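The values are calculated or read from the model by the stated rules, or taken from the named source; none is laboratory data. Nothing here was measured: the structure is a model prediction, and the numbers come from that model. FYI the Cβ positions are ideal-geometry reconstructions off the backbone, even for glycines, and counts take in every protein chain you see. Please note that ligands, DNA and RNA were not included when accessible areas were found on the heavy atoms of the full protein model with its side chains. Shrake-Rupley method; radii C 1.70, N 1.55, O 1.52, S 1.80 Å.
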Amino acid sequence: KGLRGDPSDNIIGIKGIGEKTATTLISKYGTIEKMYKNLDKDADELKKQGITERIFGLLKDGEDEALFSKTLATIRRDAPIDFVIPEKTWKETVDADRLKNFLRDLEFKSLNNRIDSIVSGSVNKKDDSSNVEKEIKKEEVVDSLDLEKAKIAFWLLNSERTDPTIEDISNYKNSNSFSEAFDKIKKDLEKEGLLYVYENIELPIMPIIRAMEERGISVDKKYLSDLSDEYHKELEILEKNIYKLAGHEFNVNSGARSTKESELEKYKDAHPIIAHILEYRELQKLLSTYIDSLPNMIGSDGRIHAKFIQAGTTTGRFSSSDPNLQNIPIKTEKGKKIRYAFVASVGHTLASFDYSQIELRVAALLSQDKYFINTFKEGRDIHTAVAMKVFNVAEADVTHDMRRRAKVINFGILYGMGVTALRENLGGERKDAQIFYDNYFAQFPSIAGYLESIKNFAKANGYTETLFSRKRYFPGIRSPLPFIKAMAERMATNAPIQGTATADIIKIGMKRVSDALVAAGLDSHVHLVLQVHDELIFEIEEKYVDKAKGLIKEAMENAIPAEFLKDLESVPLVVSSDIGKNWGELK
């Protein structure tokens, strides 16, 4: 495991060293330490056993990773354990109430419901959380609206507890009833400074979301049927080609060795069969997850009514289900084709409105970096502007590749990308990526300082805050395990930017648009039908399109209330729009 790693346990090993090479080396030397001691001395002998110059290079460059991975994989047998088997069984000594509170905190819902019967010796195997919810409802009438409000409030107090249940709420801080728990939750919201997010961002959009779900979006069933026929034929051809290249039939979806997509991508150019398998997998996923499933979700009105869950993610963004319309793939042409199935109803058109480079604009706002702010105020392209600084060239001399590399690092830095990840995305040598990385932070110290301050705040407090004080918690940021801690730090670095941009601003924008439509008397002619990341999609009666476009754009661009900008130099929000007869036509 020290050499080849173990992805299931996040043990990295040495990239490029597989099972066969690792087995050969460990069989010969017994330990990694002994192998490194004798590697150069035994070079000629090892080459005869198939250890190439490339593998030698990987082994030498990856010594630190190998030793660290071995440490991670080694089972420690020297833990100080002092344990004696008690005379009485656990059932005789257990404090059932204390145990239930403990399991509730760990979210072992089904097991918690069975504790009383387990302790008494009569296990009811049909007990589950749905039964508990029925029992709660029998004892206390709970208002399909107060419950939803309580779920949102509960989630705001702990972003890790997404889409909570009535049981979660009723048991809040050992409460005895839903109403008592809800009162405690609301008091804690005020204490934690979360009332603004609750009362001014989340609650006002509840009826907007319900209306969006009830409206749904029209689907062209015939288009999906034709697409299904086309893709199934392609799938059969791919399958035959794969068998021909392999020399025999096999299960294309699995194998004796790892055939997951990330592993196959590494060897894409090693053999033509790999590209065929990857294409086969993509087609099969598109068919099973969307193309062949969506027709079964169409209602009698010819529309799909997906669910949009306010409390469905740790970031504050919406999640979508039944079906998940936010995750329809758009990176490949085959994936993009699915969007053409979602159409405007007769006499209507679809219109999309999305925030342009919203996360970079929010990064400029929160960091108050003068160069970024001025670039956005002047309406210039931020990636070109960054390339000018990093490469020290005039705007006219910025090449397409320079802009591409600036774009990679602009977004990469916001997501906590390190030098290694940057090199993988940019290509080329690691030393070049390091120079590029260092130069970026040297040119933009305000951004560097802001991101570092966020990381330090998260380490000290266990959470981060958006511009509007929405909190996201990071339990792993204090983990003794380096890779868990590092992952939490990366997520924490981006959380205030992402939460402000794709949670708070888009939700405030939804409410402002709704209010503007009502004020203009357009609310019965313009309907929100989809929300996808930083984009809102409306179905508009054709004769009201021009009037609605300007109104929606203006409302979204003025989403940040003035009181949140009083101590900051503002950054303009820009909304792009497009219209079309189907979702696929929208840019």
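The condition (being among the polar types (S, T, N, Q) and surrounded by fewer than 17 Cβ atoms within 10 Å (Cβ to Cβ)) is satisfied by just one residue among SER319, SER300, SER352: SER300. Here are GLU563, GLU542, GLU569: which of them is in contact with a strand residue (DSSP E or B) (Cβ under 6 Å, 6 or more places away or on another chain) and surrounded by fewer than 14 Cβ atoms within 10 Å (Cβ to Cβ)? Testing whether each residue is in contact with a strand residue (DSSP E or B) (Cβ under 6 Å, 6 or more places away or on another chain) and surrounded by fewer than 14 Cβ atoms within 10 Å (Cβ to Cβ) leaves just GLU542.
Taking the conditions (1) assigned to a helix (DSSP H, G or I); (2) within 23 Å of GLU452 (Cα to Cα); (3) modelled with pLDDT under 95 in turn, ASP401 satisfies each one other than (2).
Evaluated against (1) touching a helix residue (DSSP H, G or I) at 6+ places or on another chain (Cβ under 6 Å); (2) open to solvent by less than 20 Å² (accessible area, probe 1.4 Å); (3) over 30 Å from LEU157 (Cα atoms); (4) not in a helix (DSSP H, G or I), PRO329 falls short on exactly one condition, (2). The residues of the range 349-375 that are at negative phi, of a type outside the set (Asp, Glu) and part of a loop (DSSP other than H, G, I, E, B) amount to a single one, SER356.
Filtering GLU202, GLU160 for residues that are at negative phi and open to solvent by 10 Å² or more (accessible area, probe 1.4 Å) leaves a single hit, GLU160. On the basis of being part of a helix (DSSP H, G or I), open to solvent by 30 Å² or more (accessible area, probe 1.4 Å) and at pLDDT below 95, does THR259 make the cut? So THR259 fails the test. For beta carbons closer than 8 Å, sequence separation of 6+ or different chains, a first residue in the range 479-502 that is among the acidic types (Asp, Glu) and a second that is at pLDDT 90 or above, the qualifying pairs are GLU489/LYS455; GLU489/ALA458; GLU489/LYS459; GLU489/ILE477.
Could you run through the range 355-375 and say how many residues are open to solvent by less than 10 Å² (accessible area, probe 1.4 Å) and within 18 Å of SER446 (Cβ to Cβ)? The number of residues fulfilling the criteria is 9. Hey, can you tell me all the residues within the range 11-41 that are acidic (Asp, Glu) and at pLDDT 90 or above? Scanning the range 11-41 gives a single hit, GLU33.
Restricting the range 425-473 to residues that are in contact with a helix residue (DSSP H, G or I) (Cβ under 8 Å, 6 or more places away or on another chain) and aromatic (Phe, Trp, Tyr), which is surrounded by the most Cβ atoms within 10 Å (Cβ to Cβ)? Per the stated criteria, the residue is PHE444. Scanning the range 293-335 for residues that are closer than 26 Å to VAL526 by Cβ and basic (Lys, Arg) yields ARG303, LYS307, ARG317. Taking the stated definitions as given, is ALA306 more than 23 Å from the chain's Cα centre (by Cα) and on the phi < 0 side of the Ramachandran plot? Taking the combined requirement at face value, the residue does not satisfy it. Taking each residue of the range 66-85 that is hydroxyl-bearing (Ser, Thr, Tyr) and looking for partners that are assigned to a loop (DSSP other than H, G, I, E, B) with beta-carbon atoms closer than 7 Å, six or more apart or interchain, yields SER69/LYS1; SER69/GLY2; SER69/GLY5; SER69/ILE12; SER69/GLY13. Filtering the range 268-311 to residues that are under 18 Å from LEU530 (Cβ atoms) and either at pLDDT below 90 or of a type in the set (Lys, Arg) (or both) leaves ARG303, LYS307. In the range 1-77, counting only helices (runs of 4 or more DSSP H) that sit wholly within it, the ones holding 1 or more residues that are open to solvent by 30 Å² or more (accessible area, probe 1.4 Å) and under 27 Å from LYS431 (Cα atoms) span 32-38, 53-61, 63-73.
Considered as a group, the residues in the range 506-539 that are outside any helix (DSSP H, G or I) and β-branched (Val, Ile, Thr) include one that is surrounded by the most Cβ atoms within 10 Å (Cβ to Cβ), and that residue is VAL529.
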